Amino acid sequence: MSDSSKPTNIVVLVTALGKPVFQFFTDRDEFPATATYWRDRVFVLGYQGDIAGHPTAAGLLPTGTLGAIYVEAEPWRLALGNLDKPRPRRRARKTAKILRFPMREAGNG
């Protein structure tokens, strides 16, 4: 793998208190406003740019390290109690029954 194809930016996911949860390298230059980790943790973009100077990194990364820091947020649309419990099936509606009328003879009616 050549040096030009190596990921150059880092993404760090931190808790609301600033403790690191997960980090990874990426070749992205732009980062979305929200991110998820597994299925139940939501993070919002807290900082984008030179991470080495950010207080969360506190000198752990070399100067000039670009990337983004996502801070954990309270999930606002996820129902945590329902993630692993699928909804019960709906009951089948009773369908209308077609009643067959006896055929009339021509002249009786």
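Summing +1 for each Lys or Arg and -1 for each Asp or Glu among the other residues whose beta-carbon sits under 15 angstrom from that of Lys19 gives 0. Excluding same-chain residues fewer than 8 positions from Lys6, which aspartates and glutamates have a Cα within less than 15 Å of its Cα? Hits, sequence-local ones excluded: Asp27, Asp29.
Read the figures in this text as sums done on the coordinates, not as results from a lab. Quick caveat, the model's predicted, so the values are computed rather than measured. We place every Cβ from the backbone using ideal geometry, glycine too, and count neighbours over all the protein chains shown.
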